[in-house]
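Where a number appears in this text, it was derived from the coordinates with a stated rule and is not lab data. As the structure is a computational prediction, the values presented were derived from the model and not from experiment. Because the Cβ atoms are built from the backbone with ideal geometry, glycine has one as well, and the counts that use them run over all protein chains shown.
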């Protein structure tokens, strides 16, 4: 590849000025003439049959314009915002109201009477799997269910029994992950407006506008062409703003009233009715030779899927591939997704990779400690290298895992770490690669010679800046010359969405493909007009010129005009991008912690992170994204977790659900490795999810190194560490 002029540079985000000056519009900023406010009445019960809903008194309240239930949807079974006949978790919506203002809508909710028949409920996978346990769902996809086991699968390699028999040491431990909320600051918000021709337009804070369109159309029984979705600036999503839960309700109320309707959730609703990362229990049985060679790993992964009947393929694939990163000849991974009467589970940054990583990396350290082997040497001995084979049969290209391990060790001074009372050192590796969902984009030359890019994605974490850099690089223009826009689902090229670390790779490939086609068009037309060989032309600052003869040149603006009357046609192209399989984006984290043995309080003193990013399209943006992921991982490791009793969330506020602040996050030392073997443009990888995987295990390993106690349940609170130190409760294990 030629020397890069735009990609590979740490350039400021193209949306920075708009955001810091307050010009960016978020969902809560929207206003429409005659706009109504919507509120939702939610069930206090985790499992109950809805016997009767009486809205008479509420409808008489001045200012109330419409009240709807699930029965008002054309396809009530195709929406998940309002319970249909049966509620399956505490906090599930039952009735929605639209009124002239929020206060009137709230008052109307108090006047609605719902008669429930409370039913038996199950709140843990253990309860749910017992014979005769109450069923969360009686059927799925039209097929009857006889169990709360929604899905199960097993992936094997080699012979697990033979592998365990070959081992000199076999250890079995169980690890527990908690339910984790995404922690976005902007509340869910949407606004819907129906028009006289029977169409509905939705403005929403979403990561996936085409998914919102499909889900809303299905619930309302409409062709998708009758639903138009416009994505807005999004104040954090982390996977939590991908599902069509609130938008169908808003759209239905807009149809009923003939007026715009806005729905903005409260913070409490975000916690009780959101879609958090699921709790999971992971039991590992691992076998190793005396020299530290891993020979076998058996995993049983039980995930509390909540009141959800649908399968999330990413969770399935990730769980079944536990062990990624290490050469283990004998593997057996068993996955069970179990329905309970807890909140439905959803996508949170990294899906369940942080919990899987916590279990595996804690287990690796436990094995190393038993064998008296340094944790770094244990990992270097077993880490994947070029030519190794993944569990799904891919041969690995060159990857940056071993380089990252060695660089992290050097930067952290691992080999020369000093022993101090109460201080410990830990490490962990982890990865969460991007998905392989297709996306498409359009690229064109504008009348003034600038470049226009049209995408159906949403700008999160500076992703628009990165793909604009790709276009600028391919067409020889500056970043300022690229105008990138996302638009509504009527006009935008189809895209899967902005989540799962797939945008930079799938959308990046799409815009690169389209930009290269436009480049070919520019060269072909310019070579004819300049009477030059195409190989002798170069693109420089919105101009095509002959190499070595800069006076022989033609600007893009003139090419735009000439193309309109030329048989070749306008300078425009579309591209479709699906990430090609590439090396996973491994991260290596090394930490130093201080443990107060009197209180159990853990303080992270130093944090070193080295990550293979494939190719750093924008190092400034990438480092910010990675360090944000580490901060997210620190929260999951040390403080975050929904406290749930009998299906009810007890800490449904930012006061009680403790997200780390800037004061809680240590200075993070980040180094990027560029293996150039990712599936995106120039070998780039999706980088935003891998950094959330190692923190919990690295900290747990450092705590063990500091004070000799092993915590196997997240979050690692001061209380748990204190109990382990002083021999109390289930955490009293060394």
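Inverting the mean 1/r over all pairs of different Cα atoms, compute the Kirkwood radius of region 467-567 and quote it in Å. Don't jump to the answer; show the numbers that get you there.
On the way: mean 1/r = 0.0665 Å⁻¹.
Here the Kirkwood hydrodynamic radius works out to 15.0 Å.
Based on alpha-carbon atoms only, what is the radius of gyration of region 509-621 relative to the globular estimate 2.2 N^0.38 Å?
Numbers: Rg = 25.2 Å, N = 113, 2.2 N^0.38 = 13.3 Å.
In units of the globular-protein estimate, region 509-621 measures up at 1.90.
Quick check: the distance between the Cα centres of region 503-538 and region 1-69, to the nearest angstrom?
Region 503-538 and region 1-69 have Cα centres spaced 40 Å from each other.
Which peptide among 90-103, 63-76, 551-564 comes first, and what is the full order, when sorted by highest mean count of other Cβ atoms within 10 Å?
Values: 90-103: 22.1, 63-76: 18.5, 551-564: 16.2.
In decreasing order of mean packing, 90-103, 63-76, 551-564 become 90-103, 63-76, 551-564.
Over all directions, how big on average is the projection of the convex hull of the alpha-carbon atoms in region 234-384, in square nanometres?
Details: hull surface 46.2 nm².
With every direction weighted equally, the projected area is 11.6 nm².
Taking the convex hull of the alpha carbon atoms in region 652-734, what volume per residue do you get, in Å³?
On the way: hull volume 14.5 nm³, N = 83.
Spread over its residues, the Cα hull of region 652-734 gives 174 Å³ apiece.
Treating region 66-126 as a set of equal point scatterers at the Cα positions, no solvent, please give the Debye-formula log₁₀ I(q)/I(0) at q = 0.13, 0.30 Å⁻¹.
Each listed q maps to, in turn, -0.44, -1.30.
When the helices in the chain are scored as -39500 (n - 2.57) per DSSP H run of 4 or longer and the sum is shared across all residues, what 222 nm value do you end up with, to the nearest 500 deg cm²/dmol? If you can, show how the numbers build up before the last one.
Values: 18 runs with 194 residues, N = 734.
Mean residue ellipticity at 222 nm (helix-derived): -8000 deg cm²/dmol.
What relative contact order, as a whole-number percentage, does the chain give when Cα pairs under 8 Å and 6 or more residues apart are counted?
Details: 1853 pairs, mean separation 112.5, N = 734.
Relative contact order for the chain comes out at 15 percent.
If packing is taken as the average count of other Cβ atoms within 10 Å, what order do 324-333, 196-205, 565-574 fall into, highest mean first?
Details: 324-333: 20.6, 196-205: 17.9, 565-574: 14.1.
Highest-to-lowest ranking by the protection proxy: 324-333, 196-205, 565-574.
Note down the relative contact order for region 532-676 as a percent, whole number, built from C-alpha pairs under 8 angstrom at least six residues apart. Before the final figure, lay out each step's value.
Numbers: 150 pairs, mean separation 28.0, N = 145.
Relative contact order, region 532-676: 19 percent.
Please give the Cα centre distance for region 138-201 versus region 298-331, rounded to the nearest Å.
Centre-to-centre (Cα) distance: 8 Å.
Can you give me the Cα centroid spacing of region 554-620 and region 226-245 in angstrom?
Spelled out, the Cα-based centre of one part sits 21 Å from the other.
What order do you get for 516, 88, 667 when you list them from fewest to most C-beta neighbours inside 10 Å?
Values: 516 16, 88 26, 667 9.
Listed from fewest to most nearby Cβ atoms, that is 667, 516, 88.
Using Cβ counts within 10 Å as a stand-in for footprinting exposure, how do 341, 173, 589 rank, fewest first?
Details: 341 28, 173 16, 589 31.
If I rank by nearby Cβ atoms, fewest first, I get 173, 341, 589.
Mind ordering 683-692, 469-478, 361-370 by average Cβ neighbours within 10 Å, highest first?
Working: 683-692: 29.2, 469-478: 23.1, 361-370: 21.5.
Top of the packing list down: 683-692, 469-478, 361-370.
Which of 318, 590, 31 comes first, and how do the rest follow, when ranked by fewest Cβ neighbours within 10 Å? Don't jump to the answer; show the numbers that get you there.
Working: 318 20, 590 28, 31 8.
Exposure proxy ranking, most exposed first: 31, 318, 590.
Apply the a/c threshold of 1.5 to the C-alpha gyration tensor of region 216-312 and tell me whether it is rounded, prolate or oblate. Each step should come with its number before you reach the end.
On the way: a/c = 3.27, a/b = 2.90, b/c = 1.13.
Prolate is the answer for region 216-312, as a/c is 1.5 or above and a/b outweighs b/c.
Need one number: the % of Cα-Cα pairs in region 264-312 sitting beyond the 16 Å mark. Before the final figure, lay out each step's value.
Details: 739 of 1176 pairs.
Counting every Cα pair in region 264-312, those more than 16 Å apart make up 63 percent.
Would you mind calculating the gained length between residue 547 and residue 4 on full extension (0.36 nm times residue separation, minus the Cα-Cα distance), in nm to one decimal? Each step should come with its number before you reach the end.
On the way: separation 543, 0.36 × 543 = 195.48 nm, distance 1.79 nm.
Here the segment from residue 547 to residue 4 would lengthen by 193.7 nm.
Subtract the Cα-Cα distance of residue 395 and residue 565 from 0.36 nm times their separation in residues, and report this length gain in nm to one decimal.
Details: separation 170, 0.36 × 170 = 61.20 nm, distance 5.00 nm.
Full extension from residue 395 to residue 565 adds 56.2 nm.
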